[in-house]
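Before any comments, here is the structure.
Where a number appears in this text, it was derived from the coordinates with a stated rule and is not lab data. Please read these numbers as outputs of a predicted model, since none were measured by experiment. Cβ atoms come from the backbone with ideal geometry, glycine included; neighbour counts cover every protein chain shown.
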Amino acid sequence: MSQTVYREIGGREAIENVVEDFYSAVLADDQLVDYFEGMDMHALRAHQVQFISSVTGGPVEYAGADMREAHAHLDIDEADFDAVGTHLERALRENGVAEDAVTGIMSKVEGLKAPIIGA
Ligand code: HEM
């Protein structure tokens, strides 16, 4: 069996580092920070780690809300979605995730655009 992307990119520890860097960048971005005002960032980080682990084939179940439901009340537009995607892509690269794995993960993220922006 081929190795999962989860293992290839360094498993739980690598994904925790990616998620840490990702939210630091998002919260430092004036375009995005207001969406996260008052949110439980600890829970959000934990869910994001689960989510990325599960889409990369890790031994982890995502236990959060459906992506459309989780974002419906936020009224996110496409430009803000793309800005978040760019922060995620950069965090993956900066943590040494190989280019083909970055491409694979980002194509899954792109597939979430419609539900997340409520299209
Ligand atoms: C790029 C793809 C995205 C993924 C994979 C993603 C993933 C997630 C996950 C797993 C949760 C947790 C849901 C739960 O706790 O049940 C969540 C919640 C949230 N997301 Fe996203 N998200 C994405 C894009 C965005 C964007 C573009 C924004 C805002 C610009 C955003 C803002 C939020 C906020 C504020 C919450 C917390 C909602 C709440 O607790 O009421 N997300 N997201």
Computed from the beta carbon distance with a Förster radius of 22 Å, FRET efficiency for HIS42 and GLU13 to the nearest 0.05 stands at 0.80
Rounded to whole angstroms and listed largest first, the alpha-carbon spread of the chain along its three principal axes comes to 41, 26, 24
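Using a 10 angstrom Cβ neighbour count of at most 13 plus a DSSP loop assignment to flag exposed GluC sites (Glu not before Pro), which longest range of the chain is free of such sites?
On the way: sites that count: GLU37, GLU61.
The reported range is 62-119.
Mind checking which helices in the chain clear 18 Å along their axis (Cα) and have mean Kyte-Doolittle hydropathy of 1.6 or more, DSSP H runs only?
Numbers: long enough: 11-27 (24 Å, 0.16); 41-55 (21 Å, 0.37); 78-94 (24 Å, -0.64).
Helix filter hits for the chain: none.
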